[in-house]
Structures are given as structure tokens and as C-alpha cells.
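First, the structure itself, so that you have it in front of you.
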Amino acid sequence: MEDLKHNRRVPLKSEAPNEKQLLQSVAQLAQAIQQNLALPTDVLKELRSKTFRPSSESVEALRNYHEGMELERQGNHLEAAKRFEASVQADPGFALAYSRLGQTYSNLRNDDKAEQFSRKAVDLSDKLPPQERYLIQANYAQVSNDNRKAIESYENLEKVSPDDMDVHFHLGGLYESTGAYDKARAELAKVLAIDPNQVDALLATGRVEIRSKNPKGSLDYLNRGLSLAVQLDNPDGKATILNAIGAAYEQLNKPEEALRNYGESLAI
């Protein structure tokens, strides 16, 4: 680790004898980095209290979990569901992976499975750290269409995790669902400030503009999302965005363009 201010270099090393102890070694490495940071004690204490890692000791489960999260952000819900399913198979007690699986099925409009897996996540969450438990409860409220409770939960999570783009994204989605489009736009802007290439956030922003009667303003976000979906070879995301582009052109009174995009979406 390089300390540029004091012109010093600190070597850090942590070894794991096998894969099972890999996560413990990573935690030790993180602690060593924190101890060498030139920060006041109270700041370090706050940093450690906000450190968040999903509660699983299975490297395979965590690998599939993070791959699933990335696919979700790309709008590829079909492939994301497969990763989350692989994650809970590797660790049947992995509550947060069940919660994400439930959310993914909700995005796929499979309400029965969304309820089933989200409920299982809640059942497994009793002994988890508070932040993780609250996130699972917020996800369950959203899947259960309890928008008031979900918004309250995500707003509280946002206070303790102001840089968590997934919290901003889901809060934006909830504001959109309840017609609070200005608030939705603000939350989604925070997501895109962190990751300008998040396909799901580009789609959601375009959708908010359409619902705000600003179809022309939606097309920039939707076309950017469409280009990324094509680059990522993501037919699921591409079809969804084409459908939204069709809605924008319909609102712009351009029926031929609307029909073309709807048709391409249906073909996929």
C-alpha cells in the first residue's frame, strides 16, 4: 500500500491454505489495510461499521451471487435467475441470495416464485447483521407490493448506505411505481452517476420520462441502454428496451416507428 503523502510503501500479505479459508484471509487483508490508513480512530470505526459483505462462507455461492447482481444491472433477468439459483444451491442458507432470486422472479413477472423465495429469505434472516436483515425485509416488502413499507425501509437503508447504487435503484423503482417521478428521477440519476452503463437504470430512467409525458427526453436513455444490451448480447434487455422505445414513439405520435420497435421486441 502506497502512502503518497508520507512517501512510504507498506507491503501487505494474506494467505489462504485452501478455498474454504479464502474469505477469512480477505477479511484479514482488509483489516490490515484499514490499520495502515492515515485516518482518525472514529473515522476508522465508522468505516468498519459500514463494511458490508453478504453472509455466506461459500466462495462458489458468493461468486454466483455477484455474477447474478451484475446480470441484473444489465437487465438480463433470465440469466441472473440462473446465477442466484446456483448460489443458493451452493449455500442453501444464503438468505440474501434467496432475496435477490425473489426480486429477479418479480422482474420476470413470476409472482408465485417471487413470493416463495423472498419469504424464504426472511425466514433465514433472523441471525443476520442488521443491515443485511433490513435489506431482505425491504426486498420482501417490494415483492409483496407493500410500497409504503418498502419505501420507508429503502429510505432508511439509504441513510446508512448512501453510496449503494442498488438501494438507489430500488428506491427509484418504488417512487416510479407510486407516481413520484421527480423523486424516481433523482434516485436513478445517483445510480447513473456511479455507473453510467447500468442498463436497468437507463431503461428505468427512460420509462420515468415516458410516464412524465416527456417521450423525446426518454429516447437518449433508451437508445444508450439498447446499444449496451446489444453489446452485452442480452436479448432479454434488448426486447424490454425496444418495447419502451415503441411506447415513446407512440406518445410522440409516430405510429410507424412505434410499430417497428414493438414488432422487433415481439420477435425477440
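Give the order of Asp200, Asp163 when sorted by the count of other beta carbons within 10 angstrom, beginning with the fewest.
Arranged by neighbour count, lowest to highest, Asp200, Asp163 become Asp163, Asp200.
Something else: In degrees, nearest 10, range 0 to 90: what is the angle between the Cα axis of helix 181-194 and the longest Cα principal axis of the chain?
For 181-194 against the chain, the angle is about 50 degrees.
Give me the net charge for the shell around Asn197: Cβ to Cβ below 13 angstrom, other residues only, Lys and Arg +1, Asp and Glu -1.
Working: positive: Arg73, Arg224; negative: Glu70, Asp195, Asp200.
Local net charge: -1.
Which of rounded, prolate, oblate describes segment 197-268, given a ≥ b ≥ c as roots of the alpha-carbon gyration tensor eigenvalues and a/c under 1.5 marking rounded, otherwise prolate only if a/b is larger than b/c? Let's see the in-between values first.
Values: a/c = 2.31, a/b = 1.19, b/c = 1.94.
It comes out oblate by the Cα gyration axes.
Which value, in debye to the nearest 20, gives the size of the charge dipole of segment 197-268 about its Cα centre, when Lys and Arg are +1 and Asp and Glu are -1 at the Cβ?
Numbers: 8 positive and 9 negative charges, 49 e Å.
The dipole of segment 197-268 has a size of about 240 debye.
Could I ask something else about it? Excluding Gln116 itself, what net charge comes from residues whose Cβ is under 14 Å from its Cβ, given Lys and Arg +1 and Asp and Glu -1? Don't skip to the answer; put the middle values down first.
On the way: positive: Arg100, Lys113, Arg119, Lys120; negative: Glu85, Asp111, Asp112, Glu115, Asp123.
Here the count lands on -1.
How much length is gained if the chain between Leu12 and Lys113 is pulled fully straight, taking 0.36 nm per residue apart and subtracting their Cα-Cα distance, in nm to one decimal?
Details: separation 101, 0.36 × 101 = 36.36 nm, distance 4.50 nm.
Here the segment from Leu12 to Lys113 would lengthen by 31.9 nm.
Go through 253-263, 220-230 and give me the packing order, highest mean Cβ count within 10 Å leading. Intermediate values should be presented prior to the final figure.
On the way: 253-263: 14.1, 220-230: 20.3.
Top to bottom by mean Cβ count within 10 Å: 220-230, 253-263.
I need the Debye-formula profile for the chain: one equal scatterer per C-alpha, no solvent, reported as log10 I(q)/I(0) at q = 0.08, 0.11 1/Å, two decimals.
So the normalised log intensities are -0.39, -0.71.
Treating the angle as unsigned and between 0 and 90°, give the value, to the nearest 10°, between the Cα long axis of helix 41-50 and the longest Cα principal axis of the chain.
50
Let me ask something else. Summing Lys, Arg as +1 and Asp, Glu as -1, what charge do residues with Cβ under 14 Å from the Cβ of Gln24 carry, Gln24 excluded?
Values: positive: Lys20, Arg53; negative: Glu15, Glu19, Glu57.
The answer is -1.
Computed from the coordinates by the stated procedures, all read-outs in this text should not be read as laboratory data. What you are looking at is a predicted structure, and each value in this text was computed from that prediction instead of being measured. Cβ: placed from backbone, ideal geometry, glycine included. Neighbour counts: every protein chain shown.
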